[in-house]
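The values are calculated or read from the model by the stated rules, or taken from the named source; none is laboratory data. Keep in mind that this is a model prediction, so the values were computed, not measured. Please note: Cβ atoms are built from the backbone with ideal geometry, for glycine as well, and neighbour counts cover all protein chains shown. Just so you know, the surface numbers come from the protein's heavy atoms only, side chains and all, with ligands and any DNA or RNA stripped out. Shrake-Rupley method; radii C 1.70, N 1.55, O 1.52, S 1.80 Å.
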Amino acid sequence: MDSVDKFFGESHYNIVRVLLGVNGLWPYHTTGRRCGIYFALLLVLGSGMTFEVLGIIEVWPDSLEVIDCLPMLVLGTVSITKLVCAIHTLPEIRILLIKMRQYWCSPKSDEETKILHSYALYGRNLSYAYAGIILSHTVVFVFTTLLSKLLHVESNEDDSSSSAHDAQVGLPYHVNYMVDPQTYYVPIFVHVAICVVSYTVLMLTFDVLYMTLIQHCCGLFAALRYRMENAFEFDGEGDNLSMAARGKLYSNIVYSIRRHADAIQFAIVTESIHRIPLFIHVGANISVLSILGFQVIMNTEDVNHLLKYASYLSALLLNTFFENWQGQKMIDSSEKVYESAYNAEWYKMPTAQRKLFMMVMMRSRKPLTITAGNFVNLSYVNFNAEMLLTGKYICSDLTE
């Protein structure tokens, strides 16, 4: 077990190790350490969700205020749900991490090693870029709410609703801490900001893990395609091959079948641990995107609110595209295996070896997919459908 932990700490996958460790999801930490992190997350996120729900109850008669609170409530709910799902599937995550190390340490050609290394490096760079963009959006979201507090001019009206609204200015969303928000603004703002950042880090953890597993799987398929395109070069045709050529050909075919089976199994386990979290996330994204789009359109004249909603909306759009993009990469990489197998000189193989090779061709005809609850395949087509559905909801809200 220590070897797996050391491997990830010294490889391009270290960002996954760090993010999983921060959230208590690194399988090779002690049980006591993970439980301590879970307890801290329960205190922070549980209290944050409680005060947020109390805030929604406080403004329940005002439907517009309730709608304004929903995006952050959904973000917190989805983040906590994904955390619970990840804890439940921690044994499967451990298996995938072990398989990643085993493949890196297994015998393979130098070119296959280079291919896997390039995919791992690309995944690391993409993870850093994605994390930086999402965190920058979170900083903008929190900073604009603080700026609105500094620039806010209190209303002169004695209306209780106006005073209540003034008290909530400078907070990312409506909360009820059962104390005066203006008197205790600083500790309330700090706690709310910590909750928002915690939600973001949780979402980043699952997205980076998801992307890393997909990239590794795509690397497996790319290395397999290289093997099939370059390892089946031989002199002669059919049963006229020499015994040595037949033996080498048989070894290459068996190696390809085994690698293909390993890649498929890795992809299936990856899909299974993300099936339920992605179903919840995709369903939540459609509703939240329509709400945020409506809020952006309705606050075009208020720069502070516009920046806050626009930063959240752009981050959510990026997140939605990111998940569908990785699903599309899984489809494309698995489909290309069939193309590589078909382009190989399989028609020159002896009958026995050709039958074996057909197993790879037949299995690779059906592409592998990442699904949201076994209902929706994540892909570019699904992303376009989500955007069209979101636009339809926004238009219907504006017409009403």
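Yes or no: GLY55 buried (at least 16 other Cβ atoms within 10 Å of the Cβ), in contact with a His (Cβ under 8 Å, 6 or more places away or on another chain) and in a helix (DSSP H, G or I)?
In short, yes.
Scan region 329-354 for residues that are open to solvent by less than 40 Å² (accessible area, probe 1.4 Å) and small (Gly, Ala, Ser) and jot them down.
SER333, SER334, SER340, ALA341, ALA344
Tell me, yes or no, whether region 84-101 has at least one residue that is open to solvent by 70 Å² or more (accessible area, probe 1.4 Å), farther than 30 Å from LEU224 by Cα and at pLDDT 90 or above.
Among the residues of region 84-101, at least one is open to solvent by 70 Å² or more (accessible area, probe 1.4 Å), farther than 30 Å from LEU224 by Cα and at pLDDT 90 or above, which makes the answer yes.
Name, by its number, the condition in (1) in a helix (DSSP H, G or I); (2) within 19 Å of ARG225 (Cα to Cα); (3) among the polar types (S, T, N, Q); (4) open to solvent by 40 Å² or more (accessible area, probe 1.4 Å) that does not hold for ASN384.
(2) is the only condition that ASN384 fails.
Conditions (1) modelled with pLDDT of 85 or more; (2) assigned to a helix (DSSP H, G or I), marked per residue:
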position	(1), (2)
VAL139	yes, yes
LEU147	no, yes
GLY170	no, no
TYR173	no, no
TYR177	yes, no
VAL192	yes, yes
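Give region 6-48 a look and list any residue that's open to solvent by less than 40 Å² (accessible area, probe 1.4 Å) and among the acidic types (Asp, Glu), or say none.
Within region 6-48, none qualify.
Would you please name the residue that is surrounded by the fewest Cβ atoms within 10 Å (Cβ to Cβ), looking only at residues in region 355-375 that are of a type in the set (A, V, I, L, M, F, W, C) and assigned to a helix (DSSP H, G or I)?
Only one residue fits best here, namely MET362.
Hey, can you tell me all the residues within region 58-82 that are under 18 Å from SER287 (Cβ atoms) and open to solvent by 30 Å² or more (accessible area, probe 1.4 Å)?
If the condition is that a residue be under 18 Å from SER287 (Cβ atoms) and open to solvent by 30 Å² or more (accessible area, probe 1.4 Å), then SER63, LEU64, GLU65, ILE67, ASP68, LEU70, LEU73, VAL74, LEU75, THR77, ILE80, THR81 are the ones that fit.
Any chance you could count how many residues in region 1-60 are of a type outside the set (A, V, I, L, M, F, W, C) and within 22 Å of VAL208 (Cβ to Cβ)?
18
Check whether at least one residue in region 80-89 is of a type in the set (A, V, I, L, M), in contact with a Phe, Trp or Tyr (Cβ under 7 Å, 6 or more places away or on another chain) and under 17 Å from LEU204 (Cα atoms), and report yes or no.
Scanning region 80-89 turns up at least one residue that is of a type in the set (A, V, I, L, M), in contact with a Phe, Trp or Tyr (Cβ under 7 Å, 6 or more places away or on another chain) and under 17 Å from LEU204 (Cα atoms).
Is it the case that GLY55 is touching a helix residue (DSSP H, G or I) at 6+ places or on another chain (Cβ under 9 Å) and at pLDDT below 90?
yes
Considering GLN265, GLN326, which residue is under 26 Å from ILE93 (Cβ atoms), open to solvent by 30 Å² or more (accessible area, probe 1.4 Å) and not hydroxyl-bearing (Ser, Thr, Tyr)?
Working: GLN326 fails: open to solvent by 30 Å² or more (accessible area, probe 1.4 Å).
Only one candidate passes the filter, namely GLN265.
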